[in-house]
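A.B. asks: One structure is given below, represented as structure tokens, and several questions about it will come after.
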Amino acid sequence: EAYTDLKDEL
Amino acid sequence: MNIFRLAGDMTHLFSVLVLLLKIHTIKSCAGISLKTQELYAIVFATRYLDIFTNYISLYNTIMKLIFLGSSFSIVWYMRRHKIVRRSYDKDQDTFRHYFLMLPCLILALIINEKFTFREVMWTFSLYLEAVAILPQLVLLQRTRNIDNLTGQYVFLLGAYRAFYILNWIYRYFTEEHFVHWITWISGLVQTLLYADFFYYYFQSWKNNVKLELPA
């Protein structure tokens with residue numbers, strides 16, 4: 001899902 | 001992970017270490033806004049809710065623990081430590097920072113990528129971080145003498161989000177479907193709020209004079 005790839009950021 | 005994001009994380013880490021160094025070694029928090037520190041503690045608490053449930057990498061977990069630990073310990077130092085708290089300038093640090101939280105929460109409930117508790121909290125932390133520096137910038141304009149460590153702290157804190165903007169540009173061009181307007185706009189607003197500080201900081205560095213912000 002699109003939004004998960006920001007969750008690897010702090 | 002890309003070089004821009006690593007530079008951003010390191011800059012952010014250094015800003016926190018500079019502040020902890022100042023408070024821990026010279027036992028002073030003169031010129032530091034407790035309101036901004038409290039807002040940052042809330043930012044990290046609402047952003048890292050998934051720290052134990054969503055393992056991404058050792059680096060990610062360690063950095064989250066450092067940011068959580070440092071922001072809460074700085075708030076503790078400024079509120080409880082018998083020596084440090086004496087140098088806290090509460091008469092000047094009067095920004096109504098709790099008034100900042102409500103609009104951020106309402107906005108997060110309206111504009112978010114997914115209407116779940118965790119996602120709304122995460123979006124709230126993004127909006128709150130964008131404005132968290134305001135009490136500190138207001139305090140800087142009131143207190144005439146900005147010491148070097150405080151200036152460096154604010155500069156590094158502003159620079160880290162600028163690196164993140166480069167990171168988002170890089171990821172936009174290298175990853176499919178990497179489009180996140182909410183994060184991009186709040187990150188841009190956050191960095192723009194530092195614009196005038198950066199200008200005066202650069203001027204003071206270029207002319208080798210003490211940093212002064214116009215009243």
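Coordinate-derived values only; no laboratory data. Just so it is clear, the model here is predicted, and its values are computed rather than measured. Backbone-built Cβ (ideal geometry, glycine too); neighbour counts: all protein chains shown.
A.B. asks: Return the only residue of B:106, B:74 being more than 14 Å from every other protein chain (Cβ to nearest Cβ) and either touching a strand residue (DSSP E or B) at 6+ places or on another chain (Cβ under 7 Å) or touching a residue at least 24 places away in the same chain (Cβ under 8 Å) (or both). Talk me through it step by step, then tell me what you get.
C.D. replies: On the way: B:106 fails: either touching a strand residue (DSSP E or B) at 6+ places or on another chain (Cβ under 7 Å) or touching a residue at least 24 places away in the same chain (Cβ under 8 Å) (or both).
Selected residue: B:74, the only one of B:106, B:74 that is more than 14 Å from every other protein chain (Cβ to nearest Cβ) and either touching a strand residue (DSSP E or B) at 6+ places or on another chain (Cβ under 7 Å) or touching a residue at least 24 places away in the same chain (Cβ under 8 Å) (or both).
A.B. asks: Got a number for residues in segment B:38-58 being within 27 Å of residue B:25 (Cβ to Cβ) and either surrounded by fewer than 17 Cβ atoms within 10 Å (Cβ to Cβ) or in contact with a strand residue (DSSP E or B) (Cβ under 7 Å, 6 or more places away or on another chain) (or both)?
C.D. replies: Filtering segment B:38-58 down to residues within 27 Å of residue B:25 (Cβ to Cβ) leaves B:38-45.
Imposing the further condition that a residue be either surrounded by fewer than 17 Cβ atoms within 10 Å (Cβ to Cβ) or in contact with a strand residue (DSSP E or B) (Cβ under 7 Å, 6 or more places away or on another chain) (or both) reduces the set to B:45.
Qualifying residue count for the region: 1.
A.B. asks: In segment B:39-60, is there at least one residue being part of a helix (DSSP H, G or I), in contact (Cβ under 8 Å) with a residue 60 or more places away in the chain and among the polar types (S, T, N, Q)?
C.D. replies: yes
A.B. asks: Let me ask something else. Kindly evaluate residue B:114 against the criterion of being assigned to a loop (DSSP other than H, G, I, E, B), within 12 Å of another protein chain (Cβ to nearest Cβ) and basic (Lys, Arg). Give the steps one after another, and end with the answer.
C.D. replies: Details: assigned to a loop (DSSP other than H, G, I, E, B): yes; within 12 Å of another protein chain (Cβ to nearest Cβ): yes; basic (Lys, Arg): yes.
In short, yes.
A.B. asks: How many residues are β-branched (Val, Ile, Thr) and within 12 Å of chain A (Cβ to nearest Cβ) when one looks only at segment B:121-134?
C.D. replies: Pass one, segment B:121-134, residues β-branched (Val, Ile, Thr): B:123, B:131, B:133.
From what is left, the residues that are within 12 Å of chain A (Cβ to nearest Cβ) are B:123.
Going through segment B:121-134 one residue at a time, the tally reaches 1.
A.B. asks: Restricted to segment B:82-105, and to residues that are surrounded by 17 or more Cβ atoms within 10 Å (Cβ to Cβ) and assigned to a loop (DSSP other than H, G, I, E, B), which residue is farthest from the chain's Cα centre (by Cα)?
C.D. replies: If we take residues in segment B:82-105 being surrounded by 17 or more Cβ atoms within 10 Å (Cβ to Cβ) and assigned to a loop (DSSP other than H, G, I, E, B), then B:88 is farthest from the chain's Cα centre (by Cα).
A.B. asks: Oh, and also: From B:48, B:59, grab the single residue that is on the phi < 0 side of the Ramachandran plot, touching a Lys or Arg at 6+ places or on another chain (Cβ under 8 Å) and within 11 Å of chain A (Cβ to nearest Cβ).
C.D. replies: Numbers: B:59 fails: touching a Lys or Arg at 6+ places or on another chain (Cβ under 8 Å).
Criteria check complete, one pass: B:48.
A.B. asks: Next question. Residues in segment B:137-172 that are loosely packed, with under 14 Cβ neighbours inside 10 Å and more than 14 Å from chain A (Cβ to nearest Cβ): how many?
C.D. replies: Number of matching residues: 3.
A.B. asks: Of all residues in segment B:173-206, which are within 14 Å of chain A (Cβ to nearest Cβ), of a type in the set (A, V, I, L, M) and loosely packed, with under 15 Cβ neighbours inside 10 Å?
C.D. replies: Matches in segment B:173-206: B:179, B:185.
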